[in-house]
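The values are calculated or read from the model by the stated rules, or taken from the named source; none is laboratory data. Worth saying up front: this structure is predicted, and the values here are computed from it rather than measured. When we count neighbours, we look across all protein chains shown, and the Cβ atoms used for this are built from the backbone with ideal geometry, even at glycine.
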Amino acid sequence: MELVKNETVNQNKWLKLGVNPEDALISKTYFTIAFATLLIGGILGLIQGLERAGLYSLPSGFNYYQVLSAHGLLLLVVFTATFTMGYQLANLSYSFGGLLPIAKKLIWVGIVLKVIGVVMAVTMIVLNEASVLYTFYPPLAAHPIFYFGLVVLVIGIWAVCLAVILNYRHWRKTHPGQTTPILAFFAMGVFILWFFASLGVTIEVFMIIPWVLGITETINVMVTRTLFWWFGHTLVNIWYLVATSAWYIIVPKIIGGKHFNEKLIRLVVILLVILNIPGGFHHQIIDPAISLTIKFLHVFMSLSIAVPSLMTAFAMFYVMEKAGRKKGGKGLFGWFKKLPWNDVRFLAPMIAMIAFIPGGAGGIVNTSNQMNQVIHNTMWVVGHFHITVGVSVVLTFFGICYWLIPHLSKRQLTKRMNKIGVIQTWIWTAGMAIMAFSMHIAGLIGDPRRTSDTTYGGMEAALNWFHYEYIFAAGATLLMIGVIIQVFAVFHMMFFAPKGTTEYPVAEPEEDQPSVPMWTERWGLWSILLLAVVAMAYVIPIVDMIVNAPPGSPPFKTW
Amino acid sequence: MASAKKNTHQDHSAKGTIASVSIVAIVIVLMWIGVFSLYMARI
Amino acid sequence: MGKLEETWMIVSVSILVIFMAIVGYQTFALGMGPPSNKDIIDPQKVDEQAPFDEPGVFEVGENKYEVVMTLETFAFNPGDIEVPVGAEVEFIMTSKDVSHGIQIPGTNLNAMVLPGHIQRITQVFNEPGEYLILCNEYCGIGHQAMFTKITVK
């Protein structure tokens, strides 16, 4: 009974998005910004790779750290956030049969604010007034406009969060007794996390602004660092949650299967939302001013984030094995060969998921307390986030493009474009694999991250790093080719591919599944639990950092 | 190929899933032990 | 399916618990925890306060040394340190300006050195040779030039 009803609702939604050009325009606008940013950020990445290997010198007036600041901000914040929003809002529109007018207004306000904010921040970086890197740790002090830009950017994000929450509440009100469609549930998780994640960095920026304006003389360095990572690591998990929405719901449909038990999927989302924020502390394992006991508590908290991911690993293999066996796959791994490896919509997220095995394992290493001393601030970390963000997240995003963009622009995914996508995916995979692998190894033998080309006075240890740095450069070159193909593919599918329709591949549940419990929809409760976990994690160390604070630091511009 | 196709999937085996997650566990353990050994060697 | 998944979760979470037990035992029973010193200092008056009014290498016991060190853009003071083979060296450090990091590749010596905070970390140097000491936290335009060495002989 329930199922039948869902089916018809689904069909209605199906018709509405796609014929609803207004919502499609929102997503297409986000994707345009995202892939323009990817192109610029990718070029900056290549420049860094070549500079680090000593193969290229920047033109005078520009320096490595400036390029790195822009690369980090553009790709880690702008590309991922704009893609996330374009994709999540499309999912929401699809699930709810269109966005509310008020939500649409808020989203457009959000887009405009975000663009203004990013332009402000990036302009300061280009003018060399804000070479403070992605982390902008005080007492490095950038131009005030950089921070104002960040504020405007965050307000822009909040506008979208508010839009999503309003839309969600409206749907719940008009559909009493029904659980929300699973993709909308994911979207709610993503935006709740966005909101709470950005609280940390907002407080930080509001500590910094009066300080760079000279209203306050000094700043508490530890508190700002800690607040940064409250945001910084949660951001990582927002991308990850977005990627998992495609793994759980989109991939099964593409491989001709059904999605995993919805109750467990929802549990994974809820756990990721509640447990996430304290994970930031493992970026501070070798900081002073945090006691060993508190650090160890956070080892536990960081490792607990691995738990929903371990559940995901099982669920995804289970779903894939089932689909592969249905297609006649035999033996232990016969099902694996039956998966549609020539379909870019599957291939890209599949490689993304495989990359998360070493990616997640590396994360467990990073957070293992004193073992962090082996890898902290070395190239290992750069390898780690290029394999997690650069493959697990980004390749999932790329895979989504090949159905979502033609769907939104009412065009077709042609065989040829699929082929281009497959080639792009393999180039990307090869580039990231050699780059991330060599970065991991270079890090283990001590090569520091975030450092401009140097021989360290010809010291022996440093000479060994050069071999690996050439490999970074080779990987970066392949990735640049990948970026160009991907950007071409995105805009081709948006504006030039043949007209037609493309499926929105949303998997259905198994037939014999129990109904989804309503309690999973209690976002108020999940938010309170999230805050409780944050309080548990942060109250003691932050109070300690404030009460036992040293005299603060004045601003410095050291570049 | 087509003859291998079964029209029922009730007998769906999960041994591939077990093997796959075991590989995940092995990667986690090996990577951890690798870095841990390096840590111990550098004390 | 439920049963299998449960088994997987028990096995995998147990692995994480074992990892925690190992690093936890080392941290709390063997004193091998990460550098976490909690002493503070006025970052604008580092030169006037003991022990940083007199940075240097001090022998404090049998083949035990203390290195009292200040970090600033873009230098370690003292630089070019010398210690005998097998020396246990405790580095006591603070920053005079922005955030820095200290790392000696090939060892576990890796710590953040932040203004206002005094960081301590100990390393035993068993192999003779020249070790690179470098800053691994971005500190400004000359970050890559912030390095020195420690000679063990």
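In table form, for the structure just shown:
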| item | result |
| --- | --- |
| Criterion: in contact with a strand residue (DSSP E or B) (Cβ under 9 Å, 6 or more places away or on another chain), of a type in the set (A, V, I, L, M) and over 21 Å from residue A:230 (Cα atoms) - qualifying residue of A:99, A:106 | A:99 |
| Which listed residue is at the interface with another protein chain (Cβ under 7 Å from one of its Cβ atoms), surrounded by 22 or more Cβ atoms within 10 Å (Cβ to Cβ), assigned to a helix (DSSP H, G or I) and of a type in the set (A, V, I, L, M), from A:319, A:365 | A:365 |
| The stretch A:449-466 residues that are at the interface with chain C (Cβ under 7 Å from one of its Cβ atoms), paired with ones that are assigned to a helix (DSSP H, G or I) and surrounded by fewer than 18 Cβ atoms within 10 Å (Cβ to Cβ) (beta carbon under 8 Å, 6 or more apart) | A:454/C:145 |
| All positions within the stretch A:525-559 that are away from every other protein chain (no Cβ under 14 Å), more than 15 Å from residue A:293 (Cβ to Cβ) and in contact with a Phe, Trp or Tyr (Cβ under 9 Å, 6 or more places away or on another chain) | A:525, A:527, A:530, A:531, A:534 |
| Meets criteria (surrounded by fewer than 15 Cβ atoms within 10 Å (Cβ to Cβ), more than 12 Å from chain A (Cβ to nearest Cβ) and more than 20 Å from the chain's Cα centre (by Cα)) for residue C:6 | no |
| Filter result for residue C:33 (under 16 Å from the mean Cα position of the chain (by Cα) and either outside the structural domain of residue C:142 (by TED's automatic domain parsing) or in a loop (DSSP other than H, G, I, E, B) (or both)) | yes |
| Candidates A:294, A:286, filtered to the one that is of a type in the set (A, V, I, L, M) and either more than 8 Å from chain C (Cβ to nearest Cβ) or surrounded by fewer than 22 Cβ atoms within 10 Å (Cβ to Cβ) (or both) | A:294 |
| Residue check, residue A:396 more than 12 Å from every other protein chain (Cβ to nearest Cβ) and either in contact with a helix residue (DSSP H, G or I) (Cβ under 8 Å, 6 or more places away or on another chain) or outside any helix (DSSP H, G or I) (or both) | yes |
| Per-region count, the stretch A:332-345, residues surrounded by fewer than 24 Cβ atoms within 10 Å (Cβ to Cβ) and either part of a helix (DSSP H, G or I) or of a type in the set (D, E, K, R) (or both) | 5 |
| Residue under evaluation residue A:467, criteria (1) farther than 20 Å from residue C:107 by Cα; (2) at pLDDT 95 or above, criterion not met | (2) |
| Lone unmet requirement of (1) without any contact (Cβ under 8 Å) to a residue 40 or more places away in the chain; (2) of a type in the set (S, T, N, Q); (3) more than 11 Å from chain A (Cβ to nearest Cβ); (4) farther than 19 Å from residue A:457 by Cβ for residue C:126 | (1) |
| Residues (modelled with pLDDT under 95 and part of a loop (DSSP other than H, G, I, E, B)) located in the stretch A:140-187 | A:175, A:176, A:177, A:178, A:179, A:180, A:181 |
| Segments classed as helices (runs of 4 or more DSSP H), wholly inside the stretch A:400-508, with at least 1 members that are within 26 Å of the chain's Cα centre (by Cα) and more than 20 Å from residue A:355 (Cα to Cα) | A:415-444, A:465-495 |
| Of all residues in the stretch C:131-142 being at the interface with chain A (Cβ under 7 Å from one of its Cβ atoms) and touching a strand residue (DSSP E or B) at 6+ places or on another chain (Cβ under 9 Å), the one that is farthest from residue A:130 (Cα to Cα) | C:132 |
| Residue that is surrounded by the most Cβ atoms within 10 Å (Cβ to Cβ) [pool: residues in the stretch A:415-448 that are of a type in the set (Val, Ile, Thr) and away from chain C (no Cβ under 14 Å)] | A:425 |
| Residue in the stretch A:191-230 that is surrounded by the fewest Cβ atoms within 10 Å (Cβ to Cβ), counting only those that are of a type in the set (A, V, I, L, M, F, W, C) and over 29 Å from residue A:82 (Cα atoms) | A:215 |
| Out of A:75, A:68, A:92, sole residue that is touching a Gly at 6+ places or on another chain (Cβ under 9 Å) and assigned to a helix (DSSP H, G or I) | A:75 |
